[in-house]
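Everything below concerns the one structure shown next.
The values are calculated or read from the model by the stated rules, or taken from the named source; none is laboratory data. If you're wondering where the values come from, they're calculated on a predicted model, not measured in any experiment. Cβ placement follows ideal geometry from the backbone for every residue including glycine, while neighbour counts extend to all protein chains displayed.
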Amino acid sequence: MISRREFVIAASAAASLTAASGRSLAQVASSGKLTQDDLLRFDAAGKVTLLHITDTHAQLNPIYFREPSVNLGVGETKGLPPHVTGTSFLDQFKIKPDSPEAYALTSEDFVSLAKAYGRMGGFDRIATLVKAIRAERGEDNVLLLAGGDEMQGSWTSLKTQGEDVLQALKALKLDAMVGHWEFTYGADRVKEIAEAGPFAFLAQNIRSLEWQEEVFPAAKVFERGGAQIAVIGQAYPRTPIANPRWMIPDWEFGLREDDLRKQIETVRSGGADVVVLLSHNGFDVDRKMAGRVKGIDVILTAHTHDAIPTAVEVDKTLLIASGSHGKFLSRLDLDVKDGKVAGYRFGLIPVFSDAITPDAEMSKLIADSRAPYSAELAREIGRTESVLYRRGNFNGTLDDVICQAMIEQRDVEIALSPAFRWGTSLLPGDPITFEAISNATAVTYPSCYRNTMTGKQFKDVLEDVADNIFNPDPYFQGGGDMVRLGGVGYAINVAQPIGKRISNLTLLKSGAPIEADKSYTVAGWASVNQNVEGPPIWEVVERYVADRKTIKVEPNDAIKVTGA
Amino acid sequence: MMLFERAHSRREALRVAAISAAVAALTPQLAFAKSEDVKAEIDKLYGGKEMTAGKLKLDMPEIAENGLVVPINIEVESPMTEADYVKSVSVFAEGNPFPRVLTYHFTPACGRAAASLRMRLAQTQNVIAVAETSTGQLYTAKSEVKVTIGGCGG
């Protein structure tokens with residue numbers, strides 16, 4: 001058993017994180033103690049409850065995860081959630097600074113609030129909440145869905161090819177999931193996971209390359225609360241571009257709007273009262289899709305790791321954004337009448353690990369799955385004096401460390417680190433364990449290559465990645481952040497088209513401009529190409545941290561952003 | 001040039017597609033066509049006649065998963081009777097060594113004016129299709145396909 005942390009926060013009442021009546025979390029916190037009951041309090045509506053977790057990235061235990069301080073929207077999404085951060089976010093959702101909600105949802109005052117409110121997430125805490133909600137609503141009225149990226153992002157998931165999380169999801173009695181990073185375990189393993197059941201692994205948008213046949217079931221209809229609920233799966237449509245295609249050589253992905261429309265017709269004509277799209281498109285893509293594809297009641301969004309405390313309505317479709325790394329459990333109550341959603345109530349439940357009694361059965365399952373790796377996970381390599389985090393459009397301190405490690409350990413001028421949005425955070429004073437390093441690097445294609453690149457090639461790569469995030473049309477966005485750079489500074493105008501966003505590329509060491517025809521030594525990792533040579537990135541980072549013992553990251557001012 | 005003698009199934013279409021892809025897979029040393037070359041070729045073939053959008057559907061991915069084999073589905077709305085049928089559909093690509101990639105010829109016996117092919121696209125470019133009916137109508141559709149260097153997805 002863990003001890004309950006005392007939440008001592010001087011705060012007056014603020015808006016509740018949930019749409020529920022009763023005491024808000026800020027009120028609760030101001031009264032001294034946040035309890036499990038406070039997190040579970042919910043003004044129920046209708047008979048059906050959808051529960052959604054997503055992008056847990058295999059974090060079975062509670063973690064720190066700093067939300068981004070920079071998350072720019074371009075084109076028509078500019079200034080709309082999730083492209084709102086910091087104090088603007090607090091203002092928009094009427095959240096009191098220093099409140100539990102402020103800690104969970106923004107990066108404002110992250111370090112001190114993290115110390116006050118503790119770690120978030122943990123599958124044993126999620127299990128407690130899910131069980132309590134099932135008990136409140138009745139087993140037959142609750143549907144638990146996972147949005148993908150559940151089985152990758154930790155050392156134990158990498159070593160077991162997702163088996164540790166698979167067992168945890170089974171124990172949660174998951175009803176259905178979709179995939180993205182799951183595909184990086186290769187086609188055979190994904191098939192095995194999909195067939196391991198009892199939950200459904202859905203994808204309306206994956207086809208065999210040769211015959212264009214479905215690879216996974218597109219949809220599954222569940223009866224809950226007396227209503228027929230059709231769940232249609234949408235895998236991450238850009239998987240073969242953003243991740244190694246050679247691992248899934250016979251499958252084709254894509255958005256497949258027309259196929260989705262047909263699927264909606266099929267389930268509706270089959271008697272579905274509610275149509276849910278369990279999606280890994282990313283929020284902006286889903287918002288656009290909701291406006292173009294009619295007949296979806298709810299889109300459970302994923303991929304871009306956004307946590308939004310209210311449902312976003314697009315025409316008649318509700319968009320839910322449930323965050324990442326197990327920090328949140330979304331609860332959506334639906335009032336279904338005459339084959340239609342007549343009303344709803346939504347709550348984004350923050351999983352404050354210290355306020356929730358862990359589910360004993362799940363705790364044991366997690367401990368057992370970690371046991372064979374406990375020594376390597378706990379190995380302390382060094383300590384950090386700075387907060388280490390990854391999220392943000394342009395840089396994160398953790399990626400600064402990884403880039404610096406590559407520059408020193410691989411002896412190169414320039415380091416490139418992929419702009420993944422997953423990876424846990426460390427607080428100043430925390431030990432840097434091997435587990436902490438692997439939480440930011442555990443991929444099935446970890447080779448840290450050493451190569452040369454001309455200045456032109458290098459700029460082309462940056463332009464390509466920048467367009468993947470700042471193309472004004474969400475359908476051309478891939479959902480990652482900007483590639484992280486070591487040794488180089490640049491200016492970026494996010495409002496420009498491809499080829500014109502990046503300028504002033506400069507080698508930081510000498511201050512010399514990057515020349516188009518000149519060759520530079522470059523190191524990077526997680527290349528999508530096959531047969532990449534080099535040591536795994538976690539070894540490179542471990543050697544660097546071991547050499548330094550203490551890590552301190554200076555503020556990164558090498559990137560000048562305009563056009564936002 | 002290929003002549004469809006009857007309505008084709010998807011599998012047959014793919015067999016045809018393999019041939020088309022081979023046609024498109026010319027050596028990269030050749031100069032690429034440009035948008036003005038494509039326009040000139042279309043003007044040459046169709047005499048600058050007016051074209052309308054809508055009836056011709058050109059279904060392509062927004063982003064190519066593999067630039068070497070980008071899937072394209074073409075379908076034209078038509079009664080496909082002796083009196084009114086789609087005679088041909090041509091595909092043009094602004095990044096292809098030759099502006100016109102291929103032409104499909106149809107007869108009323110085809111039943112449907114539909115075809116699927118896979119094409120090599122070396123870089124981000126516009127793909128344009130033009131359908132000509134037996135009554136002299138011209139339909140067109142354009143699709144921009146993005147070909148990336150390599151992605152970073154979250």
* Asked: Do the conditions hold for B:Glu77, that is, is it in contact with a Pro (Cβ under 7 Å, 6 or more places away or on another chain), on the phi < 0 side of the Ramachandran plot, away from chain A (no Cβ under 14 Å) and not hydrophobic (A, V, I, L, M, F, W, C)?
  -> no
* To do: Exactly one condition in (1) closer than 14 Å to A:Gly323 by Cα; (2) charged (D, E, K, R); (3) not assigned by TED's automatic domain parsing to the domain that holds A:Leu348 is not met by A:Lys94; state its number.
  => (1)
* Structure fact -> Of (1) surrounded by 18 or more Cβ atoms within 10 Å (Cβ to Cβ); (2) more than 14 Å from every other protein chain (Cβ to nearest Cβ); (3) modelled with pLDDT under 95, A:Asn531 satisfies every one except (1)
* Structure fact -> With criteria (1) within 22 Å of A:Tyr389 (Cβ to Cβ); (2) outside any loop (DSSP other than H, G, I, E, B), A:Asn556 comes up short on (2)
* Asked: Among the residues of segment A:433-485, which ones are touching a strand residue (DSSP E or B) at 6+ places or on another chain (Cβ under 8 Å) and basic (Lys, Arg)?
  -> A:Arg450, A:Lys459, A:Arg484
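Considering only segment A:160-256, give the helices (runs of 4 or more DSSP H) lying wholly within it that have at least 3 residues that are surrounded by fewer than 21 Cβ atoms within 10 Å (Cβ to Cβ) and more than 11 Å from chain B (Cβ to nearest Cβ).
Numbers: elements: A:163-171, A:187-196, A:239-242.
The qualifying helices (runs of 4 or more DSSP H) are A:163-171, A:187-196.
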* Does any residue of segment A:269-280 turn out to be more than 13 Å from chain B (Cβ to nearest Cβ), in a helix (DSSP H, G or I) and either touching a strand residue (DSSP E or B) at 6+ places or on another chain (Cβ under 7 Å) or surrounded by fewer than 21 Cβ atoms within 10 Å (Cβ to Cβ) (or both)? -> yes
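Would you say B:Ala113 is more than 14 Å from chain A (Cβ to nearest Cβ), in contact with a strand residue (DSSP E or B) (Cβ under 9 Å, 6 or more places away or on another chain), buried (at least 18 other Cβ atoms within 10 Å of the Cβ) and not basic (Lys, Arg)?
Numbers: more than 14 Å from chain A (Cβ to nearest Cβ): yes; in contact with a strand residue (DSSP E or B) (Cβ under 9 Å, 6 or more places away or on another chain): yes; buried (at least 18 other Cβ atoms within 10 Å of the Cβ): yes; not basic (Lys, Arg): yes.
Against the criterion (more than 14 Å from chain A (Cβ to nearest Cβ), in contact with a strand residue (DSSP E or B) (Cβ under 9 Å, 6 or more places away or on another chain), buried (at least 18 other Cβ atoms within 10 Å of the Cβ) and not basic (Lys, Arg)), B:Ala113 qualifies.
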* Structure fact -> Residue hits (segment A:484-508; within 14 Å of chain B (Cβ to nearest Cβ) and of a type outside the set (Lys, Arg)) are A:Leu485, A:Pro497, A:Ile498, A:Gly499, A:Ile502
* Have a look at A:Ser374, A:Ser438, A:Ser363, A:Ser417 and point out the one that is away from chain B (no Cβ under 14 Å) and under 30 Å from A:Tyr490 (Cα atoms). => A:Ser438
* Just to be sure, is A:Tyr449 within 14 Å of chain B (Cβ to nearest Cβ), surrounded by fewer than 24 Cβ atoms within 10 Å (Cβ to Cβ) and assigned to a strand (DSSP E or B)? -> yes
* Could you figure out which of (1) more than 14 Å from chain A (Cβ to nearest Cβ); (2) surrounded by fewer than 18 Cβ atoms within 10 Å (Cβ to Cβ); (3) in contact (Cβ under 8 Å) with a residue 40 or more places away in the chain; (4) at negative phi isn't true of B:Ser143? => (1)
* Filter segment A:61-82 for residues that are in a loop (DSSP other than H, G, I, E, B) and either without any contact (Cβ under 8 Å) to a residue 40 or more places away in the chain or over 14 Å from the mean Cα position of the chain (by Cα) (or both) and give the result. => A:Asn61, A:Pro62, A:Ser69, A:Val70, A:Leu72, A:Gly73, A:Val74, A:Lys78, A:Gly79, A:Leu80, A:Pro81
* In this structure, does A:Asp354 turn out to be under 25 Å from A:Pro100 (Cα atoms), surrounded by fewer than 20 Cβ atoms within 10 Å (Cβ to Cβ) and either out of contact with any helix residue (DSSP H, G or I) (no Cβ under 6 Å at 6 or more places or on another chain) or in contact (Cβ under 8 Å) with a residue 12 or more places away in the chain (or both)? -> yes
